[in-house]
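Report on the following structure.
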Amino acid sequence: MGMVGGGIGAFIGAVHRMAAALDGEIELVCGAFSSDPEKSKVSGARLGLPAERVYGSFEEMIKREKRLEPGKRMQFVSIVTPNHMHYAPANMALQNGFHVICDKPLAFNMKEALALEKTVEKTGLLFALTHNYTGYPMVKQARQMIRHGELGAVRKIVVEYPQGWLSTNLEASGQKQAAWRTDPQRSGIAGAMGDIGTHAENLAEYISGLRIVELCADISTFVPGRQLDDDGNVLLHFENGAKGMLHASQISAGEENNLNIRVYGEKGGLEWHQMEPNTLLVKWLDKPMQVYRTGVGPLYPEAQAHTRIPAGHPEGYLEAFANIYRNFAVCVRAREEGAAPDPVYLDFPSVQDGVRGMQFIERVIQSGKSAKKWLAF
């Protein structure tokens, strides 16, 4: 693996590296860790990489890695930069024969997202997007229960992602994570709805197996002087006629990362909370509530395949993240060996999921600013 971004002072880059390393399937061999060549050099040295494999720019990294022997060069690129720097390295990597795994959202805007989708289709290379919450075993259990009709036809979906860390003007203090996420030049047209609202949208579609077809959004910016939204409420219509609500907020004071989802069908409903990820609650019309736990059977094979350790030993955020990296690595290896991977490992978010996320961002912001509230999605 080669990495773009994630140098000194970055948050998500370290998370990606830990996730990639967890299963022993992936080795970090090179990187362009900052747009500042000296900072990239220092970052690479701290990670124990040889100086000749630490680059001053992603362009240099891709060009020089391509010239190395197949057994030595990187096999894929991990992109962990702010949103405005996703497209260029991803597109260049694909054009030069490297698979790509990229942080979300897919790109800075819809134009870039569609262009990247075309590049993936043209090259036929593998592309994964790190909507990491889809990696939890109980999320996969929920998805399979709905796919197998256990809840009957889905009627209602409620998904929420409240945080409180941007309840004050934190970006004015120079805090790096707050600064770029609230900057339209780096984040894009959305703040909270792009950063965490897309996670909620992706989780709703992933678990339910249904696409959102129409939405109506109320978008707010509560902190004075902030340039992008920090709170949003969205009504959703799904393709089968189901209705839903999505709430994403970064000014919900006291909240941590309280992503949660409830899905209700004709026969029963299910409930999952990211802060208690090993538990899935299933509620029925005509029998007592059931509590499913990670690693405790019977579970669907898709849930079992993404569980590493015996029940009662908590698996969380890093393990869910690692499931995406592990699945991607298995598929890269199978591709290079000319083999077909086990279908269970094909389960990672794709470039198409990224395009859906960008469509969601654009429609939500458009609806939030328009007098015409209901928009097709």
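The values are calculated or read from the model by the stated rules, or taken from the named source; none is laboratory data. Given the structure is predicted, the values throughout are model-derived calculations rather than measurements. Virtual Cβ from ideal backbone geometry, glycine too; neighbours counted across all protein chains shown.
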Worksheet item: Under the condition of being touching a residue at least 40 places away in the same chain (Cβ under 8 Å) and surrounded by fewer than 24 Cβ atoms within 10 Å (Cβ to Cβ), which residue from the range 84-97 is farthest from THR198 (Cα to Cα)?
Response: MET85
Worksheet item: How many residues does the range 98-111 contain that are free of Cβ contacts under 8 Å to residues at least 60 places away in the same chain, more than 16 Å from the chain's Cα centre (by Cα) and either buried (at least 17 other Cβ atoms within 10 Å of the Cβ) or not assigned by TED's automatic domain parsing to the domain that holds ALA10 (or both)?
Response: 0
Worksheet item: Looking at TRP272, is it among the aromatic types (Phe, Trp, Tyr) and closer than 30 Å to SER367 by Cβ?
Response: yes
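So is GLY56 at negative phi, surrounded by 22 or more Cβ atoms within 10 Å (Cβ to Cβ) and either of a type in the set (Ser, Thr, Tyr) or free of Cβ contacts under 8 Å to residues at least 40 places away in the same chain (or both) or not?
Values: at negative phi: yes; surrounded by 22 or more Cβ atoms within 10 Å (Cβ to Cβ): no; either of a type in the set (Ser, Thr, Tyr) or free of Cβ contacts under 8 Å to residues at least 40 places away in the same chain (or both): yes.
So GLY56 fails the test.
Any residue at all in the range 205-219 that is in contact with a Cys (Cβ under 6 Å, 6 or more places away or on another chain), more than 16 Å from HIS273 (Cα to Cα) and not β-branched (Val, Ile, Thr)? Let's see the steps before the verdict.
Let us first name the residues in the range 205-219 that are in contact with a Cys (Cβ under 6 Å, 6 or more places away or on another chain), namely none.
No.
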Item to complete: Could you tell me whether the range 147-161 includes any residue that is closer than 28 Å to PRO314 by Cα, out of contact with any helix residue (DSSP H, G or I) (no Cβ under 9 Å at 6 or more places or on another chain) and assigned to a helix (DSSP H, G or I)?
Response: yes
Fill in: Hits in the range 72-100 - residues which are aliphatic (A, V, I, L, M) and in contact with a His (Cβ under 7 Å, 6 or more places away or on another chain)
ILE79, VAL80
Response to the item:
Contact list, first residue from the range 202-229 and farther than 30 Å from MET145 by Cα, second anywhere and at pLDDT 95 or above and of a type in the set (Lys, Arg), beta-carbon distance below 6 Å, six or more apart or interchain, is none
Discussion item. Test of understanding: among ALA217, ALA303, ALA253, which residue is closer than 22 Å to PRO184 by Cβ and either in the same structural domain as PRO184 (by TED's automatic domain parsing) or assigned to a loop (DSSP other than H, G, I, E, B) (or both)?
Written reply: ALA217
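Taking the condition of being of a type in the set (D, E, K, R) and in contact with a Gly (Cβ under 6 Å, 6 or more places away or on another chain), how many residues in the range 269-328 meet it?
First, the residues of the range 269-328 that are of a type in the set (D, E, K, R): 271, 276, 283, 286-287, 293, 302, 308, 315, 319, 326.
Of the ones still in play, those that are also in contact with a Gly (Cβ under 6 Å, 6 or more places away or on another chain) are 283.
Qualifying residue count for the region: 1.
Is at least one residue of the range 353-369 in a loop (DSSP other than H, G, I, E, B), in contact (Cβ under 8 Å) with a residue 40 or more places away in the chain and within 19 Å of TYR136 (Cβ to Cβ)? Outline the logic, then answer.
The initial filter retains those residues of the range 353-369 that are in a loop (DSSP other than H, G, I, E, B), namely none.
The answer is no, given that none of the residues of the range 353-369 is in a loop (DSSP other than H, G, I, E, B), in contact (Cβ under 8 Å) with a residue 40 or more places away in the chain and within 19 Å of TYR136 (Cβ to Cβ).
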Worksheet item: Does at least one position in the range 68-75 carry a residue that is more than 19 Å from ASP347 (Cβ to Cβ), aliphatic (A, V, I, L, M) and free of Cβ contacts under 8 Å to residues at least 12 places away in the same chain?
Response: yes
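Just to be sure before I move on: is GLN75 at pLDDT 95 or above, under 19 Å from TYR325 (Cα atoms), surrounded by fewer than 23 Cβ atoms within 10 Å (Cβ to Cβ) and of a type in the set (S, T, N, Q) in the structure I sent?
Criteria met by GLN75.
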Worksheet item: Does LEU125 fit the bill of being part of a loop (DSSP other than H, G, I, E, B) and either within 26 Å of GLN366 (Cβ to Cβ) or not aliphatic (A, V, I, L, M) (or both)?
Response: no
Practice prompt. Say whether the condition of being surrounded by fewer than 17 Cβ atoms within 10 Å (Cβ to Cβ), in contact with a strand residue (DSSP E or B) (Cβ under 9 Å, 6 or more places away or on another chain), in a loop (DSSP other than H, G, I, E, B) and of a type outside the set (D, E, K, R) is met by at least one residue in the range 177-193.
Written response: no
